[in-house]
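A short worksheet on the structure shown next.
The values are calculated or read from the model by the stated rules, or taken from the named source; none is laboratory data. The structure presented is a predicted model; accordingly, all values stated were derived computationally and were not measured. Positions of Cβ are generated from backbone atoms using ideal geometry, with glycine treated the same way; all protein chains shown enter the neighbour counts. What goes into the accessible areas is simple: the full protein's heavy atoms, side chains included, and nothing from ligands, DNA or RNA. Shrake-Rupley method; radii C 1.70, N 1.55, O 1.52, S 1.80 Å.
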Amino acid sequence: MHFKHLALQWFRGLIATGATTLLLNAPTAAATTTPAAVPWKMVASPFPLAQVYIDSLRTQLEEQLQAPVQLQFDDPSEGLVPPKPGSDPKLAQRTIWLVSEGNSSLTGNPTQNPRHLANFEPLVIFMEIPWCLFALKTSPALEQKDLLSWLSNLGRPARIGVGVYSGSPVMWVHALSSRAKSKSKTGQPPLQVQARPFQGAEMLTPMLEKSVDLAISRCSHMRKVGNEVAVVAKSHNETIRYVPPVPTFTELGLPPLGRGWHGAFAPRNMAQADKQKLIKAFEVITNSAETQKAILDIWQIPLRIDHAASQRYIHHYIQSWQAIFELMERNAQEETTAPRTRQ
């Protein structure tokens with residue numbers, strides 16, 4: 001019994017000593033636990049066709065930043081929206097917007113319009129979006145060599161369907177009217193153009209069947225239209241595998257139409273260190289095989305340009321549209337004052 005008692009005491013002491021040793025040698029939680037990475041937020045528009053592409057960007061960004069990226073879907077009509085009252089100020093300063101041409105704002109003065117594109121810095125422009133002009137396969141438009149003349153001789157206002165959140169096509173309709181006016185003969189009534197908005201590729205065919213002569217939409221919407229619809233013209237010269245060999249807008253006598261774009265933007269007042277992290281991360285992401293495939297899979301055109309080139313790209317875009325706005329304002333003033341001049 002005495003031996004058993006001593007053995008039990010020895011065993012208990014061993015356990016106590018070992019436990020004490022483990023406690024003394026174990027690193028403290030403060031010393032070994034890595035502080036939780038500060039999250040980022042990515043805001044995107046909920047377009048189902050681009051879901052895989054958006055998820056890919058978020059996953060790759062998390063890998064590059066070694067931090068969680070919260071994905072938030074907003075109304076596509078809002079585009080770049082400053083932080084709302086009550087939002088987390090730290091997270092607001094670490095927000096990335098995925099924005100396309102169609103839901104960016106260029107109206108008004110940047111100092112008075114917080115959503116103005118000039119108030120945000122382009123981190124990278126991932127891709128360009130080609131536009132196509134659609135018509136029913138039974139439409140006489142498919143046989144025309146000069147669509148401007150055809151529209152001018154309809155004997156009524158030309159009706160053009162324009163996809164909402166499409167950016168340049170909305171302004172193209174105004175340019176179409178101005179081009180027709182400049183080419184109209186003396187005494188000939190100017191071409192009146194009516195823009196009729198539609199939302200979603202699914203509505204393109206019904207619009208053409210019921211209420212418009214032509215419709216402008218992303219070329220990728222070819223996947224959603226039926227066999228009754230054909231592409232009449234395209235906005236680009238390059239050959240794209242899914243776009244049929246049709247003339248460009250200018251080759252059919254129409255005003256040119258630049259491509260749309262899609263990219264990542266950050267607030268101008270984002271901390272410089274954070275901004276540099278994103279620039280470095282997106283340079284890797286932009287050129288990754290995964291990103292290139294995701295862009296091609298949604299039928300768009302990868303750009304593969306860096307941060308500096310993206311800044312020049314958006315600067316040129318803003319400058320071009322400012323010139324267009326000024327021209328439209330002058331034309332409106334001339335139309336207002338012209339009758340008074342003739343009196």
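Odds and ends about this structure:
- Filter result (surrounded by 21 or more Cβ atoms within 10 Å (Cβ to Cβ), aliphatic (A, V, I, L, M) and closer than 13 Å to Leu214 by Cα) within region 121-140: Leu133, Ala135
- If only residues of region 207-223 that are open to solvent by 30 Å² or more (accessible area, probe 1.4 Å) and over 14 Å from Leu136 (Cα atoms) are counted, the one that is farthest from the chain's Cα centre (by Cα) is Arg223.
- Subset of region 225-246 (residues that are surrounded by fewer than 16 Cβ atoms within 10 Å (Cβ to Cβ) and of a type outside the set (Val, Ile, Thr)): Gly226, Asn227, Glu228, Asn237, Glu238, Arg241, Tyr242, Pro244, Pro245
- Residues that are touching a Ser or Thr at 6+ places or on another chain (Cβ under 7 Å) and not in a helix (DSSP H, G or I) within region 39-61 comprise Lys41, Val43, listed in sequence order.
- Pro48 being modelled with pLDDT of 70 or more and either open to solvent by 50 Å² or more (accessible area, probe 1.4 Å) or aromatic (Phe, Trp, Tyr) (or both): no
- Residue that is nearest to Phe282 (Cα to Cα) [pool: residues in region 225-265 that are in a strand (DSSP E or B) and among the hydrophobic types (A, V, I, L, M, F, W, C)]: Ala264
- Qualifying residue in region 274-290 (condition: open to solvent by 80 Å² or more (accessible area, probe 1.4 Å) and under 29 Å from Leu151 (Cα atoms)): no
- Scanning region 206-224 for residues that are in a helix (DSSP H, G or I) and in contact (Cβ under 8 Å) with a residue 40 or more places away in the chain gives Met207, Leu208, Glu209, Cys219, Ser220, His221, Met222, Arg223.
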